[in-house]
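Comments concern the structure below.
The values are calculated or read from the model by the stated rules, or taken from the named source; none is laboratory data. The model shown is predicted, which means the values in this text are computed figures rather than measured ones. Neighbour counts run over all protein chains shown; Cβ positions are idealised from the backbone, glycine included.
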Amino acid sequence: MSISSALSNALSGLTVSSRATDILSSNVANAMTDGYGTRRLEVGARVLGNAGAGAQVIGVTRMADMVLIGQRRGADSSLGAAATLAGYHGRIEQLIGTPDASGSLSAKFADFEAGLILAANGPDSQTRLTAAVTAAIEMVTAINDTADGIQGERLVADQRIGQMVVQLNDNLSRLADLNQQIRSGMGGGRDVSALLDAQQVLVDQIAPMIPLHERRDGGGQLQLYSNDGRALLDGRAAQLGFSTASVMEADMTLANGALSGLSVNGQPVPLAGAFPAFQGGALSAQFHIRDVDAVASQARLDAVALDLAARFDATGLDPTLGALDAGLFTDAGGRADGLNEVGLASRLRINIAVVADSGGDVARLRDGLGATSAGPIGDAGLLMGMIDALGASRTTQSGGFSAVGRSMAGLVSDHLSLAGLARQTAETHQGHESARHAAFRQEELSGGVDTDAEMQRLLQIEQAYAANARVIATVEQMMDQLMRLGA
């Protein structure tokens, strides 16, 4: 080996060591960075002519287990959907309230029933009659507030869908831009690992919203598809469309066109049916809340409101009322009708005939809502009839309740029980998905940057650097010696 070739070999070794140190320092610095793929320097022998000429850097490999990442992203989607639904059902149960909560529907009904009993025991007492009317007003207010809360949940879901669509469009556009940069970088022989990291972070942000599959073509271009096969990024970024609502009412639905659906590149996509789009992530969960779960919650509450009104509309209960007159509980002043049940819980009102502030008289709770003159102050017949109406077994025909006879107290209890069961089921599913996600996440993190291994590799680089530096120093000594001999 000539002195020049020895020097060239050593210099190439120093170059490789320097580059390896750069890669290693980047690994250590990003040990806690999400989306960072560990870099490995690919080194090979350098050949000039037919002879070896030291070492050379072939390239930088970004280490990533795409199978594991894909599994973790699937868990991201499932957890996103489960957490969204569990949060909703928990809030609905809080809206209805547990029996031990003073503001709950159960507590307000119990107060109303107790007020009627006290009034029946002292029908001559204006104080007791007023307390019974006040309790009825508070119970109606609780029903109204719960209905408003349910529609508020629908509106929040609608707005969150809009926010997700904006984020999805932004992320997909940025991924498409990164594709162009990756193509340019690979064409120029540059390291594109940082660009791949940036893409992974963006895809990880999409995964909780939409379950997806990722692949790369031969040119390194990222392609994204939803689980149902819709192209999100394939050459160009898909454009999702959605229009948010400014208000939400019980009768506003996707079916009647009052609410927006979802479109991809201007084409509507199905959100229900045999092949719904984008199922399994937080985006579809928000649609499910807006169009299915909250609608069902409203329907159950409407059924409770209708049952309550119907008990006091019963023929013969109040002889002072006509066949079409509204009883104690009204649909915005009129008689409640099962054919107009949707949204009734929001419109339920107490009959103004017993509301003093509206020109009524609390004594009509005893004498009859249609009474034109005072009746016997000791007559508790109507009040007892109201109490009996609440306790009567009546079959609820709507709201998804089973067709069995219930008292009003039983219906209120079943209403809360169904909400609690839905919450428990959703939280159980969330717990399962959370454990599954944690397992995949832990396994993914275990394959990240190992700082101990990197430090061991640093010692090897240091030894290689020192050895190459020693070769150069020895060559320098040999050249100095030859120069002295020549002199």
Conditions: (1) touching a Gly at 6+ places or on another chain (Cβ under 9 Å); (2) small (Gly, Ala, Ser); (3) farther than 26 Å from residue 436 by Cα; (4) in a helix (DSSP H, G or I). Residue 81 meets all but one. Number of the miss? (3)
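Against the condition within 21 Å of residue 450 (Cα to Cα), surrounded by 18 or more Cβ atoms within 10 Å (Cβ to Cβ) and among the small types (Gly, Ala, Ser), how does residue 13 come out, does it pass? Walk me through how you get there before you give the answer.
On the way: within 21 Å of residue 450 (Cα to Cα): no; surrounded by 18 or more Cβ atoms within 10 Å (Cβ to Cβ): yes; among the small types (Gly, Ala, Ser): yes.
For residue 13, the condition - within 21 Å of residue 450 (Cα to Cα), surrounded by 18 or more Cβ atoms within 10 Å (Cβ to Cβ) and among the small types (Gly, Ala, Ser) - is not met.
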Listed residues 22, 65, 100; which is acidic (Asp, Glu) and under 30 Å from residue 211 (Cβ atoms)? 65
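When only residues in segment 280-305 that are hydrophobic (A, V, I, L, M, F, W, C) and touching a strand residue (DSSP E or B) at 6+ places or on another chain (Cβ under 9 Å) count, which is nearest to residue 346 (Cα to Cα)? Break it down stepwise before answering.
Filtering segment 280-305 for residues hydrophobic (A, V, I, L, M, F, W, C) gives 282-283, 285, 287, 289, 292, 294-296, 299, 301, 303-305.
Remaining after also requiring touching a strand residue (DSSP E or B) at 6+ places or on another chain (Cβ under 9 Å): 283, 287, 305.
Details: 283: 28, 287: 22, 305: 9 Å.
Among those residues, the one meeting the criterion is 305.
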Please state which one of 337, 379, 331, 291 is within 29 Å of residue 251 (Cα to Cα), surrounded by fewer than 16 Cβ atoms within 10 Å (Cβ to Cβ) and not aliphatic (A, V, I, L, M). 337
Of the numbered conditions (1) aliphatic (A, V, I, L, M); (2) in a loop (DSSP other than H, G, I, E, B); (3) at pLDDT 95 or above, residue 301 satisfies every one except a single condition; which is it? (2)
Say we look at segment 119-159 and pick out the residues that are of a type in the set (Ser, Thr, Tyr) and under 18 Å from residue 344 (Cβ atoms); which of these is surrounded by the most Cβ atoms within 10 Å (Cβ to Cβ)? 146
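Quick one: is residue 430 assigned to a helix (DSSP H, G or I) and farther than 30 Å from residue 77 by Cα?
Working: assigned to a helix (DSSP H, G or I): yes; farther than 30 Å from residue 77 by Cα: no.
Spelling it out, it is not the case that residue 430 is assigned to a helix (DSSP H, G or I) and farther than 30 Å from residue 77 by Cα.
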Give the residues of segment 163-182 that are surrounded by 16 or more Cβ atoms within 10 Å (Cβ to Cβ) and under 23 Å from residue 257 (Cβ atoms), sorted by residue number. 164, 165
Test residue 25 against the stated conditions and say whether it is closer than 27 Å to residue 449 by Cβ, among the polar types (S, T, N, Q), surrounded by 19 or more Cβ atoms within 10 Å (Cβ to Cβ) and not assigned by TED's automatic domain parsing to the domain that holds residue 208. no
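Being outside the structural domain of residue 360 (by TED's automatic domain parsing), more than 25 Å from residue 100 (Cα to Cα) and of a type outside the set (Val, Ile, Thr) is the requirement here; does residue 456 meet it?
Numbers: outside the structural domain of residue 360 (by TED's automatic domain parsing): yes; more than 25 Å from residue 100 (Cα to Cα): yes; of a type outside the set (Val, Ile, Thr): yes.
Yes.
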Within segment 348-375, how many residues are surrounded by fewer than 19 Cβ atoms within 10 Å (Cβ to Cβ), of a type outside the set (A, V, I, L, M) and part of a helix (DSSP H, G or I)? 2
Selected residue (only one of 402, 398 is exposed (fewer than 14 other Cβ atoms within 10 Å of the Cβ), modelled with pLDDT of 85 or more and not in a helix (DSSP H, G or I)): 402
Residue hits (segment 31-55; surrounded by 15 or more Cβ atoms within 10 Å (Cβ to Cβ) and not in a loop (DSSP other than H, G, I, E, B)) are 38, 39, 40, 41, 43, 46, 54, 55
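Among the residues of segment 188-226 satisfying the criterion of being assigned to a loop (DSSP other than H, G, I, E, B) and without any contact (Cβ under 8 Å) to a residue 24 or more places away in the chain, which is surrounded by the most Cβ atoms within 10 Å (Cβ to Cβ)? Walk me through it before giving the result.
From segment 188-226, those assigned to a loop (DSSP other than H, G, I, E, B) are 188-192, 207-211, 217-221; that's our starting set.
Okay, now just the ones that are also without any contact (Cβ under 8 Å) to a residue 24 or more places away in the chain, so 188-190, 217-218.
Values: 188: 8, 189: 7, 190: 13, 217: 11, 218: 5.
Among them, the one singled out is 190.
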Among (1) in the same structural domain as residue 301 (by TED's automatic domain parsing); (2) in contact with a helix residue (DSSP H, G or I) (Cβ under 8 Å, 6 or more places away or on another chain), where does residue 381 come up short? (2)
